[in-house]
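For reference, the structure discussed in these notes is given below.
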């Protein structure tokens, strides 16, 4: 009993010593942390890099999509590039006309006119393309490519599993009825995400004011291409021969259109025997010649479809059935007597 009492007395005498042993190091540790915190705060204020107010203003004006279509790391990187005059507002593919104008005003520059570009899927096969074998794996084009390059007999064709659709940050792509991606050109910003995603490299950025395009990427000889897909380009050369401005050339057994030369006449699409060339124009305008015509015959000479006829020094006429609305005659008329009636939608796609 006495021994227990003695131990209790000893413990009570040692308790303050133990408390001090714990409290002192804790206090020192807290003081050290406080000093370090104050030091870091002072250093942060002294060494802080002031953000250019113009960068902040430009970043606030940008859409905030961070799609990378401008070629810079997100909207903040693009804003810095704009402020440093390393980029132009028109480089932002996600911006509408109002946003581009606001960016130009903030920078104090004039907005350069550019033709808007949209995604073009260079394949129109889909369910028209023959399956070489049944693929039973993950629903991904990238995964399907690992199995003998994909299940399609056309080794250049779309696999139709929608990798591009899921990659689009603007919801501009969807799987169409034909089993190939369909592009909503009003939503598409031309950011290029789908271009880099497609493992077959079938998607390109195409000028929005060009309604005629080759929807095929098959580079096999005609007979082989036709066996794999009913709407494949067979390199017959009819489009190249009929093009009035020599905008089409066949290379590697595939028809290719030079967008810079193309006049949207659509003649190539009408003569293509397989439908490999598509014409997306909702309606085509027709040339109209008014009474100020002096019958110089210049318009008749430049008309690629011979839709304009008339005698010298007599008012000329336009055959509406032959006219394709290419507009080649309009700038050639010395009296400005020709105009297009019912203009194509593409004339409004320059921003």
- Message: I need a count of the residues in segment 101-144 that are at pLDDT 90 or above and part of a helix (DSSP H, G or I).
- Response: 4
- From the options 84, 57, residue that is loosely packed, with under 15 Cβ neighbours inside 10 Å and modelled with pLDDT of 85 or more: 84
- Would you check if there is a residue in segment 255-268 being under 21 Å from residue 123 (Cβ atoms), touching a helix residue (DSSP H, G or I) at 6+ places or on another chain (Cβ under 8 Å), surrounded by 18 or more Cβ atoms within 10 Å (Cβ to Cβ) and at pLDDT below 95? yes
- Item | Pick from segment 237-252, criterion under 30 Å from residue 131 (Cβ atoms) and out of contact with any helix residue (DSSP H, G or I) (no Cβ under 7 Å at 6 or more places or on another chain), ranking: surrounded by the most Cβ atoms within 10 Å (Cβ to Cβ) | 237
- Item | Subset of segment 324-339 that is modelled with pLDDT of 90 or more and closer than 23 Å to residue 242 by Cα - its residue that is surrounded by the most Cβ atoms within 10 Å (Cβ to Cβ) | 329
- Task: Starting from residues that are in a helix (DSSP H, G or I) and modelled with pLDDT of 75 or more, keep the ones in segment 39-54 and report whichever is surrounded by the most Cβ atoms within 10 Å (Cβ to Cβ).
- Result: 54
- Message: Looking at residue 282 and the list (1) within 35 Å of the chain's Cα centre (by Cα); (2) modelled with pLDDT of 95 or more, which single condition is not satisfied?
- Response: (2)
- Task: For segment 185-216, enumerate the residues that are touching a helix residue (DSSP H, G or I) at 6+ places or on another chain (Cβ under 8 Å) and closer than 16 Å to residue 247 by Cα.
- Result: 209, 210, 211, 212
- Applying the selection to segment 285-296, what residues are surrounded by 16 or more Cβ atoms within 10 Å (Cβ to Cβ) and in contact with a strand residue (DSSP E or B) (Cβ under 9 Å, 6 or more places away or on another chain)? 285, 286, 287, 289, 293
- Message: Can you tell me which condition residue 160 does not meet? The list is (1) crowded, with 21+ Cβ neighbours inside 10 Å; (2) free of Cβ contacts under 8 Å to residues at least 40 places away in the same chain; (3) outside any loop (DSSP other than H, G, I, E, B), and all the others hold.
- Response: (3)
- When residue 179 is run through (1) within 18 Å of residue 118 (Cα to Cα); (2) surrounded by fewer than 17 Cβ atoms within 10 Å (Cβ to Cβ), the failure sits at (1)
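The values are calculated or read from the model by the stated rules, or taken from the named source; none is laboratory data. Since we're looking at a predicted model, the values are computed, not measured. Cβ coordinates were reconstructed from backbone atoms using ideal geometry, including for glycine residues, and neighbour counts include every protein chain displayed.
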